[in-house]
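No value in this document is a laboratory result; all are computed from the given coordinates. Just so we're clear, the structure is a prediction, and the values are computed from it rather than from any experiment. Here Cβ is always computed from backbone atoms with ideal geometry, including for glycine, and neighbour counts include all displayed protein chains.
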Amino acid sequence: MRNFYLIIMLALTLGVISCKEKVQVEEVETVQENVKDQVVVHDEFTGEEPTTPEETEFYEPKVPVVKPGVNGAPPSDAIVLFDGSSLENWISTNDSTAAKWHLNDDGSMTVNDRTGNIQTEQEFGDIQLHIEWKSPLPVQREGQNRGNSGIFLSGLYEVQVLDQNDNPTYVNGQVGSIYKQHVPLAMASVPTGEWNTYDIIYHAPEFNDEGGKIKSGDITVVHNGVLVQDHVEIKGTTEYIGWPKNPAHGKGPLMLQDHGDDSRVSFRNIWLREL
Ligand code: MG
């Protein structure tokens, strides 16, 4: 009798193990199927709740390797627009001839007063932009006429450059503003005569075939390591007078402003990554 119970117990145990193995095999197959299904799209957290860590771990697509720049140098996949050696990537906005700004010995360039804005020959859509700028010494004039320049994304939307130190002006036109659209979260300028950095993330607006805007652009600006624009919506062109306008456009140049009042603003180390 005792042997009979032992045989029954053994048979039951083997049965349970066998069932467990079957369940485990089925689980593995299910995981593999889920992984296959979710290789392309794995940001939709729907369907049955995963029960193993592997179901929510993915190995494709491979992430590109980018070698970061050291000491302010551009990363390995950056498009270098100005490294101090020449103005060859820049043309005059007025007539598309060679840019007429001053190329300096220290690896920078300076606005050549009243020669007009300059812009890249190349055109871009969504970008990550790094640019450095410096307000001139000695200090001259005040308000919007002290070291005014600007960085125009798609050639249309201005991130303001201004010598804001001890120089009040309207806050939606001060340094770090999206001109007349978004007041900056902070005034983060270094002392006049020292180099500032802007790191800008820009997504261009989108338009339909009829020229209607179907998606607004947005801008994030980090000024000397300080967030000053947090993914703000571009309302349209940054007008001096009047409301923002929304002309349809595709890719556009990066444009730098000659404010036309002997601003003497300098720029250096300009590069971007297309997004
Ligand atoms: Mg300006």
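Structure values in brief
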{"read-out": "Relative contact order %, region 79-274, counting alpha carbon pairs below 8 Å whose residues are six or more apart", "value": "32 percent"}
{"read-out": "Loop sites in region 43-123: GluC sites (Glu not before Pro), DSSP, at most 16 other Cβ within 10 Å", "value": "Glu44, Glu48, Glu57, Glu88, Glu121, Glu123"}
{"read-out": "Filtered GluC sites (Glu not before Pro), region 176-267: DSSP coil and at most 10 other beta carbons within 10 Å", "value": "Glu210"}
{"read-out": "Cα→Cβ-extended label distance, 7 Å offset, between Val63 and Ala186, nm", "value": "2.6 nm"}
{"read-out": "Label point distance in nm, Val80-Phe207, each placed 7 Å from Cα along Cα→Cβ", "value": "3.4 nm"}
{"read-out": "Listed residue pairs exceeding 18 Å between alpha carbons, taken from Lys180/Lys235; Lys215/Lys235; Lys134/Lys245; Lys134/Lys180; Lys213/Lys245", "value": "Lys134/Lys245; Lys134/Lys180"}
{"read-out": "Fully extended contour minus Cα-Cα distance, from Glu274 to Glu142, at 0.36 nm per residue", "value": "43.9 nm"}
{"read-out": "Estimated FRET transfer efficiency when R0 is 51 angstrom, pair Asp113-Thr51 (beta carbons, to 0.05)", "value": "0.15"}
{"read-out": "Sorted peptide list for 94-105, 61-72, 152-163, 128-139, criterion being average Cβ within 10 angstrom, highest first", "value": "152-163, 128-139, 94-105, 61-72"}
{"read-out": "Region 79-274: C-alpha gyration tensor shape, a/c 1.5 cut-off, then a/b vs b/c", "value": "oblate"}
{"read-out": "Computed over region 204-256: relative contact order in percent, which uses C-alpha pairs under 8 Å that are six or more apart", "value": "28 percent"}
{"read-out": "Förster-model FRET efficiency, 45 Å R0, Asp106 and Glu239, C-beta, rounded to 0.05", "value": "0.85"}
{"read-out": "Estimated inter-spin distance, His231 and Ala248, nm [label 7 Å along Cα→Cβ]", "value": "2.9 nm"}
{"read-out": "Those chymotrypsin sites (Phe, Trp or Tyr not before Pro) in region 169-239 that DSSP places in a loop and that have at most 15 other beta carbons within 10 Å", "value": "Tyr170"}
